[in-house]
Every structure is written in structure tokens, then in C-alpha cells.
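Right, one structure below, let's go through it.
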Amino acid sequence: MRVRKIVGPALVVAATLVLPACRASAPAAVVTSAGEPVADPRAGAGSASAAVEGFLRAARANDPTAMARLFGTTAGPITEREAADAVEKRMRALACYLTHDASRIVDNLVGVGQGRALTIELTQRELTRRSRFTVVSGPGGRWFVEQFEIDKLSDFCRPATPG
């Protein structure tokens, strides 16, 4: 087998294609409408559906920190307005209602203002329920779950009855 050495223009083309992928890039800064930086650049998601999907994944993983990064208002994540211990307790409480085995987006509609209204179907064991999630665009165009119909998921947060 003959090995060919890459030299000259072929080496330059190969390096041009490969080297940019090796470079670590800093996350883009996220700023409020007033131009102030958001404390956590990982806050929010790139789309309304990604915010809900990430929020549900975090709830399923029982990760209140990740949930809090995706829960907020047009002003940004809840972590920038409330104390960390209160946020953690709130996210843990919400996670109980969001425990699920499977989920799917049923619809994704234009909501009030700049928001979106997504109907999500959650399945937990033999139970299947639908809940409407309101998702809003915040600082830097990042999306946050603002609220959901928790009452529609009350069955999910009850202890299993012995059967």
C-alpha cells in the first residue's frame, strides 16, 4: 500500500476545512431589551418547542437547575428574579406534575403577544393527559416556559395506589 503525502494547496484546503471545527467558540452573549447582559447565557432555548422539550427533559431528570433556566417571562429566567432556594423548591414541586414516560407536542399555536401556546401530551404509566404550555420570547430572542395547565396533570403527582 502506498501512502501519499499531502502537501501544498491540498494541505491548505484540508486545514481550512478541519481547523475551524476544532476551535471552541464562546456562547453568544444574551442581553435584555435594555442591553444589559443576562447572567446565565445558557438560559432559555432557541425556539418555543425547544424550551418546552428541554423543560420536560429536565423535569423528567429531576434537574431543577436546568428547569429554572427554561422557566421565565419576557424579562428572562426566573433565576434572575427569585432566590435560588425558592426557585429550586418551586421547580421540584413542578417536576412532580411533569413526571412522564413519553411526551409529544400536539400543537404549536400563536399565543397572546409574542408568545406561543403549545399543547403537550404526557403519558405516565397508563395515564395520558394534555396540558397547554405558554412559552414567551425573552431577552436575546430566547424562549421560556411561562406557565402550563398544572391542574390537567394533577393525576401525575399522586402516589401510586397499591393494586
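Quick note: the coordinates plus some simple rules give every number you see, no bench work behind them. Note that the coordinates shown come from a computational prediction; the quantities given were computed from them, not determined experimentally. Cβ placement follows ideal geometry from the backbone for every residue including glycine, while neighbour counts extend to all protein chains displayed.
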Worksheet entry | Scan of region 68-89 for residues that are assigned to a strand (DSSP E or B) and touching a helix residue (DSSP H, G or I) at 6+ places or on another chain (Cβ under 6 Å), ordered by number | PHE71, GLY72, GLY76, PRO77
Item to complete: Restricting attention to region 54-75, report how many residues are under 13 Å from the mean Cα position of the chain (by Cα) and either in contact (Cβ under 8 Å) with a residue 40 or more places away in the chain or surrounded by 18 or more Cβ atoms within 10 Å (Cβ to Cβ) (or both).
Response: 13
Response to the item:
Going through region 40-67 in order, the residues found to be over 18 Å from HIS100 (Cα atoms), in a helix (DSSP H, G or I) and in contact with an Asp or Glu (Cβ under 9 Å, 6 or more places away or on another chain) are THR65
Worksheet, complete the sentence: Counting only residues in region 92-137 that are surrounded by fewer than 16 Cβ atoms within 10 Å (Cβ to Cβ) and basic (Lys, Arg), the one farthest from LYS152 (Cα to Cα) is identified as ARG92
Discussion item. Can you pull out every residue in region 90-128 that is basic (Lys, Arg), over 21 Å from ALA75 (Cβ atoms) and either touching a Pro at 6+ places or on another chain (Cβ under 9 Å) or in a strand (DSSP E or B) (or both)?
Written reply: ARG92, ARG104
